[in-house]
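The values are calculated or read from the model by the stated rules, or taken from the named source; none is laboratory data. Here the structure is a predicted model, which means the values were calculated and not measured. Here the Cβ positions follow ideal geometry from the backbone for every residue, glycine too, while neighbour counts run over all protein chains shown. Side chains included, ligands, DNA and RNA excluded: accessible areas come from the protein's heavy atoms. Shrake-Rupley method; radii C 1.70, N 1.55, O 1.52, S 1.80 Å.
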Amino acid sequence: MKTLILVRHAKSSWTDPTLSDHNRPLNERGRRDAPFMGKILAERGIRPDAIFSSSAVRALETAKCFARAFGREPDSIAVRPEIYHADSESMLELIAGLDDAFGTVLVFGHNPTFTELANLFTDRHLDNLPTCGIFAVGFAVDHWSEVKPRTDTFLFQEFPRTYFPKDALD
C-alpha cells in the first residue's frame, strides 16, 4: 500500500510587489494555518516516510511547518524545483519515480496542478484545493510506478476553513 498526501502551500503574501512569485513568503494566515494543519495530520497518526516540496518559498515554509509537527527536522525535506511549474503529467512522472521504500509521501506544491491531480486520482470532484488544503489517497500497489489515475482509494481531505470558517468568506 502506498499513500500520497498532496498539500497545497499555505496562504502567501502579496505585500511586497518587488518579490518574484517564486519568492513570496507566507502571510499571517499562512503562518497560522501551516503548523495547525500539520498538527491535524500528526494527530491522525500520519508519519510520512518522505516529504517533498516545491522550491517556492511559500511551499517550502509550509512543508517545514508540517515537518516540525511530525517531529522531523526541516532539512529532511527533499526540495524538488520541478514541482514549482509542474503540470499533472510531470507530477505523475515524479510520483512514479519515487523510491519504493517510501510507504507514505507528502508533496507540497501549487494549484492548479494539485487540484487537477486530486481529480485525476478520484471520482470525487474537487473544485479547488484551497491554500493549506490536504488531499490524501491510497494505492493498493507495491511500487510507485504502478500508480495511475483512477486506481486509488480516497482516504481523506482536510481544509483550514473547516477549523477557521470565517476564512471561507474571503
Restricting to the range 106-155, give me the number of residues that are touching a Leu at 6+ places or on another chain (Cβ under 6 Å), more than 27 Å from P35 (Cα to Cα) and touching a residue at least 60 places away in the same chain (Cβ under 8 Å). 1
Just checking, does the range 15-33 include any residue being within 21 Å of L155 (Cβ to Cβ) and over 12 Å from the mean Cα position of the chain (by Cα)? yes
Give the range 73-106 a look and list any residue that's charged (D, E, K, R) and closer than 23 Å to N27 by Cα, or say none. E73, D75, R80
Among what's in the range 1-37 and is part of a loop (DSSP other than H, G, I, E, B) and β-branched (V, I, T), pick the residue that is surrounded by the most Cβ atoms within 10 Å (Cβ to Cβ). T15
Residues being within 16 Å of the chain's Cα centre (by Cα), closer than 19 Å to P112 by Cα and not hydroxyl-bearing (S, T, Y): count how many of those fall in the range 128-152. 9
Test V107 against the criterion of being open to solvent by 40 Å² or more (accessible area, probe 1.4 Å) and among the β-branched types (V, I, T), and give yes or no. no
Name the residue that is modelled with the lowest pLDDT, counting only residues in the range 56-90 that are in contact with a Lys or Arg (Cβ under 8 Å, 6 or more places away or on another chain), open to solvent by 30 Å² or more (accessible area, probe 1.4 Å) and over 16 Å from I134 (Cα atoms). P74
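Table: residues versus (1) part of a loop (DSSP other than H, G, I, E, B); (2) among the polar types (S, T, N, Q); (3) touching a strand residue (DSSP E or B) at 6+ places or on another chain (Cβ under 9 Å); (4) over 17 Å from L98 (Cα atoms).
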position: L117; (1), (2), (3), (4): no, no, yes, no
position: R124; (1), (2), (3), (4): yes, no, yes, yes
position: L129; (1), (2), (3), (4): yes, no, yes, yes
position: G138; (1), (2), (3), (4): no, no, yes, no
position: V141; (1), (2), (3), (4): yes, no, yes, no
position: P149; (1), (2), (3), (4): yes, no, no, no
position: T153; (1), (2), (3), (4): no, yes, yes, yes
Could you give me the residue pairs with C-beta distances under 6 Å whose first residue belongs to the range 1-27 and is over 30 Å from A101 (Cβ atoms), whose second residue is open to solvent by 50 Å² or more (accessible area, probe 1.4 Å) and not hydrophobic (A, V, I, L, M, F, W, C) wherever it lies, and which are 6+ apart or on separate chains? K11/R29; L26/E61; N27/K11
